[in-house]
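Values quoted throughout were computed directly from the atomic coordinates according to the rules given, and no laboratory measurement underlies them. Nothing here was measured: the structure is a model prediction, and the numbers come from that model. Neighbour counts run over all protein chains shown; Cβ positions are idealised from the backbone, glycine included.
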Amino acid sequence: MNLDGTKEDCITCRINRGEATCGPGGVLYRDRLWVLEHAIEPIPMVGWLVLKTYRHVETFADLTEDEAITFGPLTRLVTRAMTQVLEPVKVYLNLYAEAKDFPHLHVHLIPRFADTPPDHRGPHIFQYLSAAVRSGQNGGDIEEAARVAAQIRARIDESLGGAALRDMGPR
Ligand SMILES: [Zn+2]
């Protein structure tokens, strides 16, 4: 483990350290504990976000007190911003972190729209992710994803009085 709590060869840690490409639109929110980004390419759909711990941790049970305490308010803030920008019926929260090469804790924040087909709702929404991974093709327009990401970042920033990226500097 590195001094900043990241793991050298973990893909998510590498993205967190700025060594690998993050999702379209860049970082949407960051503090010393959490990083919010759009899902990386191939994206499952426009507006599918991922909230992850900065440090390398693999289960919710292993969160620190600070990470656990900040998770609720931050997730509410983010899902509110997503709701304002995307106008979904709901925003789903899912945490698995067990796909190959992605054990680093990341919570999928997924908009479920009025026109999401019934057979793609609930846990079946992950069919969009498996289709993207299987085909290697984005499940939505990548420029639109970057635009939406910027809009969500602006909403978060507005709610926090300009602090969405307050901890972007060196750690
Ligand atoms: Zn990691």
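Here the Debye sum runs over all C-alpha atoms of the chain as equal scatterers in vacuum, and log10 of I(q)/I(0) at q = 0.17 Å⁻¹ comes out as -1.08.
For the pair Thr83 and Leu95, the difference between a 0.36 nm per residue extended length and the Cα-Cα distance amounts to 2.4 nm. Using the Cα centre as the reference, give the magnitude of the dipole from point charges on the C-beta atoms of the chain (Lys, Arg: +1; Asp, Glu: -1; all else neutral), rounded to the nearest 20 debye. Dipole magnitude for the chain comes out near 220 debye. Considering the zone a paramagnetic label at Ile11 would reach in this model (a point 7 Å from Cα along the Cα-to-Cβ line), which residues of region 82-107 have amide N under 20 Å from it? In region 82-107, the label zone of Ile11 (backbone N under 20 Å from the point 7 Å along Cα→Cβ) covers 94-107. Under the simplified labelling scheme, the Ile142-Arg121 pair shows an inter-label distance of 3.3 nm, with each label point 7 Å from Cα along Cα→Cβ. By the beta carbon rule, with partners counted only under 4.7 Å, the chain holds these lone Cys residues: Cys22.
Please tell me the relative contact order of the chain in percent, rounded to the nearest whole number, where contacts are Cα pairs under 8 Å and at least six residues apart.
Details: 282 pairs, mean separation 52.6, N = 171.
Once divided by the residue count of the chain, the mean separation gives 31 percent.
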